[in-house]
């Protein structure tokens, strides 16, 4: 059962709006058991829409469309759908009542343009939209061979599209096509690159059952390993994926930190809470990014006391009491400096644990001895202080992200 996505909108083509709809829709289809074979972005023109629909019909069983069904003159998708499905617009009383209620709740009256939103193709099944005025439209069509293809048109506004997908489209697609059960399990790794991971688990991956696939999903600082299993028997598929995940965990225990939706910052929060202990950070090259990640977790005020962003050397000296002699002889980016930073912030903020970072994020500032991407991370615990050096590369944003995740993972291991 193959699916594809058509996103309509000039704003997507010129880069004015990032096409987040496509990735979210594709994820939902895949999780439901409908593999997505193509995503197409087209302009708001009749010919482009007709061509995209015709091509999609030839290769896919499900075609999801978003965009172009608003109330303004540039929204021509409804009229073009009427042309493609050889039908016409009719006034839908149920849709109009919903539109009236939508505006009444906001203290407004329905305008003639908004009233047009209740005009829908006669050949479609109307799907209620509780968050807006543009209804979803479900069409079914048989191709020349007799194969039935489902087309669903939805608003381009992301929160309206998502509501329709979750409440109407996905349940109807599951009932209509009865896809095989699909189960995913994701293992999260840090501290090892994608290619090195692949080498370590190559033999295990080669022996996976035919109905289980492994996907490598790298991003700066970590790699997600997603196991996907499919089959008619839910119990069997879950057992197969769970067994495969346990085998994988045993192969790379040093690099695993969580599963599925876990984050390092949330895991650290749970560990500190369980221990009744506290944390502070002293950040140079990361500029407060570690503190940002930590405080993005609800309840972090219970264990995170604060941060000193010591970007300049005089701040390192005056607020973190790093010795001027240390900076002069060893440099701001050094083991000695980061250790002094970690101890100082742990002492100053009276915490059990502390993270310190100093490095050359880039793109400038590197030397032959300390190239761009050189980073030192220091960890202070109740019983010891230690530091690790890393060389992350020449991209500033990635270096900051990698440093933060590496620091959090070092702390996680210390907490364990």
Subject >> For semi-axes √(5λ) of the Cα gyration tensor in Å, calculated from these coordinates, the label among (1) 42, 33, 20; (2) 40, 22, 19; (3) 51, 27, 20 >> reply: (3)
Original post:
Between residue 260 and residue 23, what length comes free when the chain is fully extended (0.36 nm per residue of separation minus the Cα-Cα distance, one decimal in nm)?
Top reply: 83.5 nm
**OP:** Report the dimensions of region 1-93 along its three principal axes from the alpha-carbon atoms, largest first, rounded to Å.
**Re:** 35, 31, 28
Subject >> Rh by Kirkwood over Cα pairs, then Stokes-Einstein D for region 221-260 at 1.306 mPa s and 10 °C, µm²/s >> reply: 140
**OP:** Would you calculate a helix-derived [θ] at 222 nm for the chain, using -39,500 (n - 2.57) for each DSSP H run of n ≥ 4 and dividing by the full residue count, to the nearest 500?
**Re:** -11500 deg cm²/dmol
**OP:** Using the Kirkwood radius over Cα pairs, work out the Stokes-Einstein diffusion coefficient for region 264-415 at 4 °C and 1.567 mPa s, in µm²/s as a whole number.
**Re:** 86
Subject >> Whole-Å distance, taken between Cα centres, linking region 271-293 and region 1-53 >> reply: 40
Original post:
Taking the Cα atoms only, what angle lies between the long axis of helix 234-251 and the longest principal axis of the chain, rounded to 10 degrees?
Top reply: 20
Subject >> Rounded to whole Å, sorted largest first: equivalent-ellipsoid semi-axes of region 332-380, Cα gyration tensor >> reply: 25, 9, 7
Subject >> Cα-based helix-to-principal-axis angle, 335-348 vs the chain, degrees rounded to 10 >> reply: 80
**OP:** Rank these for me by crowding, 199, 210, going from fewest to most other beta carbons within 10 Å.
**Re:** 210, 199
Original post:
So what's the angle, to the nearest 10 degrees on a 0 to 90 scale, between helix 46-59 and the longest Cα principal axis of the chain?
Top reply: 80
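Please arrange 355, 290, 170 by how many other C-beta atoms lie within 10 Å of their C-beta, fewest to most.
If I rank by nearby Cβ atoms, fewest first, I get 170, 290, 355.
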**OP:** Would you compute the Debye intensity of region 263-326 from its alpha-carbon atoms alone, equal scatterers and no solvent, and pass along log10 I(q)/I(0) at q = 0.15, 0.27, 0.29 Å⁻¹ to two decimals?
**Re:** -0.52, -1.06, -1.16
Subject >> Size descriptor, Kirkwood hydrodynamic radius, that averages inverse alpha-carbon separations across region 80-221, Å >> reply: 19.3
Subject >> Descending semi-axes in Å of region 3-177, equivalent ellipsoid built from Cα gyration tensor >> reply: 24, 18, 17
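Rule-based calculations on the coordinates, nothing more; no lab input. Bear in mind the structure is a predicted one, so any value in this text is a computation, not a measurement. Every residue, glycine as well, gets a Cβ built from its backbone with ideal geometry; the counts of neighbours run over all protein chains shown.
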